[in-house]
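Engineer: My questions all concern the structure below.
The values are calculated or read from the model by the stated rules, or taken from the named source; none is laboratory data. Small disclaimer: the values here were computed from a predicted structure and weren't measured. Please note: Cβ atoms are built from the backbone with ideal geometry, for glycine as well, and neighbour counts cover all protein chains shown. Surface accessibility is based on the protein's heavy atoms, side chains included, excluding ligands, DNA and RNA. Shrake-Rupley method; radii C 1.70, N 1.55, O 1.52, S 1.80 Å.
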Amino acid sequence: MRYPDIPTAPRIALRRARVPLCLIESVPSTATWEQDAEGAALVDILIDQGRLAALSPSGQPGDPARDGGFVDVDLAGRQVWPMFLDCHAHLDKTQILPRASNPDGSFSGAREGSMADRLRHWSRADIEKRMDFALRCAAHHGVAAIRTHLDSHAEQAETTWEVFQDLREKWRDRITLQAVALAGADIYATPFGERLLDLVGEAGGIVGAFLRLPDGETRMPDDIDESLDQLFERAARRGLDVDLHVDETGNAASRMLERIARSALRTGFPGRIVCGHCCSLALQDARQVQETLELCAAAHVGIITLPTANLYLQDRRTGATPRWRGVTLVREMLAAGLTVAVGGDNVRDPFFPYGDHDMLDTLRQAVRILHLDHPIADAPRLSGPNAARLMGGLDLGSLRPGSAARLILFNARSLNEMMSRPQSDRLVLDRGRISTAPLPDYAELDALIPGRSASAPKENAP
């Protein structure tokens, strides 16, 4: 099925677009619209000077566009979505394969391989080259915003954060970028931790940390509550939000998520709190799960699930087949009223050796891994409105009259068709114009790989 021609015109009316109703906001009448079994409706989308002028059921009488100089484009029921958001990425690690290794696919192997690569290769030029490559991949696939965690060790933080700020400015008209400092929670009580907080504050960033009980440990650290209280208090004094890697382990004794929620309530932390991974919750008993989810709801903790990396790393044992999916309790969290989003996490590094910064690919896998179907109607929220909310209420991820027309057109008429093919022929319609951003060639990265000759084609500027 061939796409209709999309004209370059100031006013375009996309007729008979099929849109999941969960992706439409600030249109109060949608509850009365006729919808299909997957929660989507046929919608006319009016684009005026690159902005969404109106959304209405297709064929509605008294259409204001009929005499308003709009050029009609009949999409014949093809899916139209807002551009995606990736609320949890690692752009500083991306594309370090094959020079970095993880010999056994384990979490410890990933950590050691990533650290060795950082110490050996992470110059300013190296980081900038890889991050820019990743952003061009994301732009091609229709990603409008990314929150990246940045390894913030004493010898590395200044360089990485400088590169991030330069790229944020370079890409500000294409992709909204946010950054989180990734460090040990105890770092913030040291002199370097104070400097790191200054660096985060100056860059408009977010305080982050990784919190997990090591494999084999059965007792939570005696000082964990004090450490968390201090982290929240330091972030609050500087007016910074918090985004944490939590319980990324198959150790059921790791109950950091519960402790985080208790600390947030105890300290009265006023900012936003996001916790990613939370894998061990799925291995805890029903009473512990219920108590933790109630605490998270009371503390307004948002959750990001990272299904691809967790599926790859968790329950990996030499010579054995994994017995669980490694992911958290997404459906139970949604039922408890928590805001949950899906993130892309690592791409082509020792923590996850695959991926292409394509959030549709991530969402398709999440639907299957997490059983986000039956019903599937709300699944698109996890890479759109929910992600925007966790990223600070960005005006992205949903179709809202008055917002910028940042859309993706798919050659699929249903969510089932969307989930069944990779949709590599999607069209990104950014502010009313078809994006021509190509997918970058892996050969561009050859110069960064020791022993490989650099035969890269000329890069395409954003």
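Engineer: Count the DSSP beta bridges whose two residues both fall in the chain, then state the antiparallel fraction as a percent rounded to the nearest 5.
Structural biologist: Antiparallel bridges make up about 40 percent of those DSSP assigns within the chain.
Engineer: I'd like the Karplus ³J(HN,Hα) series for the stretch 322-332: coefficients 6.51, -1.76, 1.60, θ = phi - 60°, whole numbers in Hz, and an x wherever there's a Gly or Pro.
Structural biologist: Along the stretch 322-332, the couplings run x, 9, 9, 7, x, 9, 8, 8, 4, 5, 5 Hz.
Engineer: Near the amide H of Y354, under 5 Å away, which other amide H atoms are found, from residues 5 or more places off or on another chain, if H is placed in the peptide plane?
Structural biologist: Long-range HN contacts for Y354: R348, D349.
Engineer: Taking the structure as given and computing Cα extents along the principal axes in Å, which label from (i) 68, 47, 43; (ii) 69, 57, 48; (iii) 67, 63, 34 fits?
Structural biologist: Answer label, from the structure shown: (ii).
Engineer: What do you reckon, how do Y354, Y312, Y188, Y442 stack up by accessible area (1.4 Å probe), largest on top?
Structural biologist: Details: Y354 130, Y312 40, Y188 5, Y442 110 Å².
The ranking, largest first, comes out as Y354, Y442, Y312, Y188.
Engineer: Keeping all protein chains in place, calculate the accessible area per residue for the stretch 1-114 (probe 1.4 angstrom), answer in Å².
Structural biologist: Details: 4780 Å² over 114 residues.
Per-residue accessible area for the stretch 1-114 comes out at 42 Å².
Engineer: Can I ask one more? Send over a whole-number figure in Å² for the accessible area per residue of the stretch 130-200, probe 1.4 Å.
Structural biologist: Numbers: 2170 Å² over 71 residues.
Dividing the accessible area of the stretch 130-200 by its residue count gives 31 Å².
Engineer: What whole number of Å gives the distance from the Cα centroid of the stretch 81-149 to the Cα centroid of the stretch 174-217?
Structural biologist: First find each Cα centre; the distance between them is then 17 Å.
Engineer: Karplus couplings for the stretch 338-348 from phi (6.51 cos²θ - 1.76 cosθ + 1.60, θ = phi - 60°), rounded to Hz, Gly and Pro as x?
Structural biologist: Once rounded to whole Hz, the list reads 7, 7, 10, 10, 10, x, x, 6, 7, 9, 6.
Engineer: List the residues, sorted by chain then number, that are 5 or more residues from H88 or on another chain and whose placed amide H is less than 5 Å from its amide H.
Structural biologist: Residues meeting the amide H criterion: R147, G344, D345.
Engineer: In square angstrom, what is the accessible area per residue of the stretch 296-368 with a 1.4 angstrom probe?
Structural biologist: Per residue, the stretch 296-368 has an accessible area of 37 Å².
Engineer: Taking a 1.4 Å probe, which of D361, D72 shows the most accessible area, and what order do the others take after it?
Structural biologist: So, going from the largest accessible area down, we get D72, D361.
Engineer: Under 19 Å from a label point 7 Å along Cα→Cβ of R111: give me every residue in the stretch 225-239 with its amide N that close.
Structural biologist: 225, 227-228
Engineer: Quick one: accessible surface of D36, probe radius 1.4 Å, all protein chains present, in square angstrom to the nearest 10.
Structural biologist: Ignoring ligands and nucleic acids, D36 comes out at about 50 Å².
Engineer: Also: Rounded, prolate or oblate: which fits the stretch 48-161 when a ≥ b ≥ c are the square roots of the eigenvalues of the alpha-carbon gyration tensor, with rounded for a/c under 1.5 and prolate only if a/b beats b/c?
Structural biologist: prolate
Engineer: So what are the ³J(HN,Hα) numbers for the stretch 79-88, from phi and the Karplus equation (6.51, -1.76, 1.60; θ = phi - 60°), rounded to whole Hz, Gly and Pro as x?
Structural biologist: Calculated HN-Hα couplings, in order: 5, 10, 10, x, 4, 7, 10, 10, 8, 7 Hz.
Engineer: Please say if the stretch 308-462 is rounded, prolate or oblate, where rounded means a/c under 1.5 for a ≥ b ≥ c the square roots of the C-alpha gyration tensor eigenvalues, and otherwise the choice is prolate for a/b larger than b/c and oblate otherwise? List each step's numbers first, then the result.
Structural biologist: Numbers: a/c = 1.92, a/b = 1.07, b/c = 1.79.
Oblate, because a/c is 1.5 or more while a/b does not exceed b/c.
Engineer: Do the sum for the chain: with -39,500 (n - 2.57) for every DSSP H run of n ≥ 4, divided by all residues, what is the mean residue ellipticity at 222 nm, to the nearest 500 deg cm²/dmol?
Structural biologist: Calculated mean residue ellipticity at 222 nm is -9000 deg cm²/dmol.
Engineer: For the chain, with all protein chains present and a 1.4 Å probe, just round the carbon and sulfur fraction of the accessible area to a whole percent. Spell out each step's value before the answer.
Structural biologist: Details: 9220 of 19010 Å².
Accessible surface attributable to carbon and sulfur in the chain totals 48 percent.
Engineer: In terms of modelled amide H atoms, which long-range or inter-chain residues lie less than 5 Å from the amide H of R431?
Structural biologist: Those lying under 5 Å, H to H, from R431 are A405, R406, L407.
Engineer: Also, I was wondering about something else. Once you mark the GluC sites (Glu not before Pro) that are in a DSSP loop and have at most 16 other Cβ atoms within 10 Å, what is the longest gap between them in the chain?
Structural biologist: So the longest stretch without any such site is 218-458.
Engineer: With charges set only on the Cβ (+1 for Lys and Arg, -1 for Asp and Glu), what does the dipole of the chain come to about its Cα centre, in debye to the nearest 20?
Structural biologist: Working: 53 positive and 63 negative charges, 176 e Å.
Charge dipole of the chain: 840 debye, to the nearest 20.
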